[in-house]
1. Got at least one residue in region 50-71 being surrounded by 10 or more Cβ atoms within 10 Å (Cβ to Cβ), polar (S, T, N, Q) and closer than 30 Å to LEU226 by Cα?
2. Taking the conditions exactly as written (over 28 Å from the mean Cα position of the chain (by Cα), modelled with pLDDT under 90 and in a helix (DSSP H, G or I)), does ARG41 satisfy them or not?
3. Among the numbered conditions (1) within 28 Å of GLY78 (Cβ to Cβ); (2) surrounded by 13 or more Cβ atoms within 10 Å (Cβ to Cβ); (3) hydrophobic (A, V, I, L, M, F, W, C); (4) out of contact with any Leu (no Cβ under 8 Å at 6 or more places or on another chain), tell me where ALA165 comes up short.
4. Being under 26 Å from VAL204 (Cα atoms), modelled with pLDDT under 90 and of a type in the set (Lys, Arg): is that true of ARG125 here?
5. Answer yes or no: is there a residue in region 118-141 that is touching a Ser or Thr at 6+ places or on another chain (Cβ under 9 Å), within 26 Å of GLY194 (Cβ to Cβ) and surrounded by 17 or more Cβ atoms within 10 Å (Cβ to Cβ).
6. Could you tell me how many of the residues in region 101-154 are among the polar types (S, T, N, Q), farther than 21 Å from HIS176 by Cβ and under 25 Å from the mean Cα position of the chain (by Cα)?
7. Any chance you could count how many residues in region 224-234 are aliphatic (A, V, I, L, M), buried (at least 21 other Cβ atoms within 10 Å of the Cβ) and closer than 21 Å to SER196 by Cβ?
8. What is the one condition in (1) exposed (fewer than 12 other Cβ atoms within 10 Å of the Cβ); (2) among the aliphatic types (A, V, I, L, M); (3) in contact with a Pro (Cβ under 6 Å, 6 or more places away or on another chain) that ALA180 does not satisfy?
Amino acid sequence: MPTTPTTPSMDPMEPTDPAQSTRQSSGGARSPRFRVRGTGRLLWAALRALLVLTLVCGVLYPLAVTGVAQGLTHQANGSPVRVEGKEAGSELIGQSWNTRQGKGGSRPDPKWFQGRPSASDYDPRATGSSQLGASDPRLVKAVRTARERVAAFNHVPVERVPKDAVTGSSSALDPHISPAYAALQVDRVAEANGLSAEAVRALVDRCTEGRTAGFLGQPHVNVLRLNLAVREAARHG
């Protein structure tokens, strides 16, 4: 019997376009020109993102923060305390109240209220405590010696010396002392400045600040503010 010619079967996945067949036979690899152009677009997008973020985060944001901060000029500039147009110090950083003695030496000046001990001598560039543990014999000895020195300097029994008079803060820059330590120094400061103890005690009460927000921390006295008040009282006393 004669055979009927059959049409070759067409595979639906088989390409009919010769050009498409050629691309598939070469593994579908894209041309080098396409890869270079794609990489260039990615680099340009990354560069634009870098420029925008640099402008926003490195220029606009710092300017905005600085502008807002200058609305609170006193705090933004370090809370300086000015006397007769000159900076006497900062409300936030303690300082020494010593008088020079000998070659490079110094000792506490009896005219002024003294702050807490400082492991860095109130140097803002070297903050930090002594790093001695509570049970370290060196710390125990240092505290015992400091208590005796503070008691002798203020002519009071050792038992009256409060703990902040012989221990420094963790930052070594604490500008405050406790009302108890301030009260301990009243008689000595009054005598050295020719003032009455009652007048100096009134200054301590005036410079005593309560707890922050009413419940944080303890009542405290800013030593710089207190000594400036003593200085003013002695001038007019």
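The values are calculated or read from the model by the stated rules, or taken from the named source; none is laboratory data. Nothing here was measured: the structure is a model prediction, and the numbers come from that model. Counting neighbours? That spans all protein chains shown, and the Cβs are built from the backbone with ideal geometry, glycine included.
1. Yes; the residues of region 50-71 include at least one that is surrounded by 10 or more Cβ atoms within 10 Å (Cβ to Cβ), polar (S, T, N, Q) and closer than 30 Å to LEU226 by Cα.
2. So ARG41 passes the test.
3. (4)
4. It is false that ARG125 is under 26 Å from VAL204 (Cα atoms), modelled with pLDDT under 90 and of a type in the set (Lys, Arg).
5. No.
6. Qualifying residue count, region 101-154: 1.
7. Number of matching residues: 2.
8. Result: ALA180 passes all but (1).
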